[in-house]
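Working notes, structure below.
The values are calculated or read from the model by the stated rules, or taken from the named source; none is laboratory data. Since the model is a prediction, treat every value here as computed from it, not as a measurement. Because the Cβ atoms are built from the backbone with ideal geometry, glycine has one as well, and the counts that use them run over all protein chains shown. Please note that ligands, DNA and RNA were not included when accessible areas were found on the heavy atoms of the full protein model with its side chains. Shrake-Rupley method; radii C 1.70, N 1.55, O 1.52, S 1.80 Å.
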Amino acid sequence: MNHQKMEAPLIDPFGRAVTYLRISVTDRCDFRCQYCMAENMTFLPKKDLLSFEELAKISSSFVGLGTRKIRISGGEPLVRKNIMTLFEQLGHFVANGQLDELTLTTNGSQLKKYAHKLYEHHVRRINVSLDTLDAQKFATITRWGRLGPVLEGIQAAKDVGLKIKINTVAMKGFNDQEIPELIRWAHGEGHDISLIETMPMGDVAPDRVDQYQSLTELLSQLRNDWTITSSGHKTGGPAVYYDVAETGGRLGLITPMSHNFCESCNRVRLTCTGILYMCLGQEDCYNLRDAYRNGQDMNLAIREAITLKPKGHDFVIDRELGGISIDRHMSVTGG
Ligand code: SAM
Ligand code: SF4
């Protein structure tokens with residue numbers, strides 16, 4: 001029996017229930033995707049990271065306050081040493097019904113090694129980022145990555161029974177022409193696929209202004225060849241879903257730049273050093289690590305943090321700003 005005291009749910013100043021926690025467990029990565037990181041990144045000192053015990057304790061407070069879903073992200077979450085320890089601890093919340101879902105966003109490079117363990121720790125669905133099926137282009141966009149191990153990792157995840165969603169950042173002049181092939185491949189493998197617009201986060205090498213591909217535009221191009229209809233599917237997240245009749249699969253579009261999805265936002269993001277960001281596209285944050293280490297009441301600290309949640313983001317990809325709207329890299333908050 002669960003003896004935890006019933007707490008009132010977390011409701012932000014705009015009446016939105018906060019039920020989804022995303023945790024970036026490391027800012028490090030074995031890739032250097034051009035839109036995400038600069039080639040020479042300075043990472044946080046390892047001593048500043050929250051331990052798995054601290055992450056699990058803070059997560060437990062969120063669960064007590066009504067969080068139903070936790071996503072582990074990064075940087076690349078599967079490169080943090082002994083990361084399965086955290087999955088094991090958080091997996092218990094799924095096993096005892098306190099969480100609906102424990103999930104992961106990964107670049108797939110380590111999936112072959114970990115797919116089985118993830119399933120064992122109650123993960124059932126994962127997101128894998130993949131921007132191209134061309135090995136040469138893959139090496140170019142990820143700078144340090146190799147396509148082969150990622151495809152093997154995706155296959156291993158499928159083999160153990162994990163449901164997979166492919167996330168693809170659509171980039172003009174890079175993979176816009178390849179998108180139909182990626183969709184056909186993903187649907188043929190039984191995976192969902194979501195396309196993402198480049199977001200103006202962090203100072204990275206290529207010029208985002210030229211790279212930005214509007215998904216509204218891309219959708220109308222896809223409609224020249226395919227019958228694409230609105231899907232009733234909803235996850236409470238930013239993606240709008242469509243069904244593609246010809247492939248029999250589901251296509252998500254995440255359009256932060258051309259369509260504002262903040263009205264239904266249910267999430268907050270914890271960094272690996274314990275800073276809680278209330279919005280991907282704003283600076284509002286709260287230091288939960290200090291609160292935890294100073295022995296503060298975590299429920300009160302989290303409630304205070306949630307009062308800072310802004311109404312929404314106002315991303316702009318502006319040439320004068322060099323394509324940067326938020327200084328933070330995506331790897332700090334995990335997307
Ligand atoms: N390393 C893991 C991965 O690549 O899936 C997890 C972290 S990564 C920061 C999470 C997601 O953010 C990935 O799907 C990646 O493509 C996306 N991403 C990173 N930088 C982005 C940007 N500037 N605009 C849009 N998406 C971005
Ligand atoms: Fe690493 Fe993911 Fe960023 Fe690529 S998108 S550099 S895999 S954190």
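Computed values, structure above
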| read-out | value |
| --- | --- |
| Residue within segment 78-87 that is within 30 Å of ALA139 (Cα to Cα), open to solvent by 30 Å² or more (accessible area, probe 1.4 Å) and over 19 Å from the mean Cα position of the chain (by Cα) present | yes |
| Residues that are surrounded by fewer than 18 Cβ atoms within 10 Å (Cβ to Cβ) and touching an Asp or Glu at 6+ places or on another chain (Cβ under 6 Å), drawn from segment 28-51 | ASP30, PHE43, LEU44 |
| Matching residues, segment 40-81, being away from ligand 2 (no atom under 11 Å from the Cβ) and closer than 22 Å to SER129 by Cα | ASN40, PHE43, LYS69, ILE70, ARG71, ILE72, ARG80, LYS81 |
| Every residue from segment 90-114 that is within 21 Å of SER60 (Cα to Cα), of a type in the set (S, T, N, Q) and either open to solvent by 70 Å² or more (accessible area, probe 1.4 Å) or assigned to a loop (DSSP other than H, G, I, E, B) (or both) | ASN96, GLN98 |
| Residue among THR227, THR198, THR168 that is of a type in the set (S, T, N, Q) and touching a residue at least 60 places away in the same chain (Cβ under 8 Å) | THR198 |
| Breaking point among (1) part of a helix (DSSP H, G or I); (2) free of Cβ contacts under 8 Å to residues at least 40 places away in the same chain, for SER61 | (2) |
| Subset of segment 229-246 that is over 19 Å from the mean Cα position of the chain (by Cα) and surrounded by 19 or more Cβ atoms within 10 Å (Cβ to Cβ) - its residue that is farthest from ALA186 (Cα to Cα) | TYR242 |
| Exclusive hit being aliphatic (A, V, I, L, M), within 14 Å of ligand 2 (Cβ to nearest atom) and under 24 Å from ALA239 (Cα atoms), set LEU102, LEU130 | LEU130 |
| Of the criteria (1) within 30 Å of ALA305 (Cα to Cα); (2) more than 16 Å from ligand 2 (Cβ to nearest atom), which one MET37 fails | (2) |
| Tabulated pairs, segment 324-335, first farther than 22 Å from ASN107 by Cα and open to solvent by less than 30 Å² (accessible area, probe 1.4 Å), second modelled with pLDDT of 70 or more and near ligand 1 (Cβ under 9 Å from one of its atoms), C-beta under 9 angstrom, 6+ apart or interchain | ILE326/MET199 |
| Single residue of segment 118-136 satisfying the filter (assigned to a helix (DSSP H, G or I) and out of contact with any Phe, Trp or Tyr (no Cβ under 7 Å at 6 or more places or on another chain)) that is surrounded by the most Cβ atoms within 10 Å (Cβ to Cβ) | TYR119 |
| Verdict on VAL25 being without any contact (Cβ under 8 Å) to a residue 40 or more places away in the chain and open to solvent by less than 30 Å² (accessible area, probe 1.4 Å) | no |
| Index of the failed condition, GLU39 passing every other in (1) acidic (Asp, Glu); (2) within 12 Å of ligand 1 (Cβ to nearest atom); (3) touching a residue at least 60 places away in the same chain (Cβ under 8 Å) | (2) |
| Segment 207-228: number of residues that are within 13 Å of ligand 1 (Cβ to nearest atom) and at pLDDT 90 or above | 1 |
| Where GLY75 falls short, out of the listed (1) within 22 Å of MET298 (Cα to Cα); (2) of a type outside the set (Asp, Glu); (3) open to solvent by 10 Å² or more (accessible area, probe 1.4 Å) | (1) |
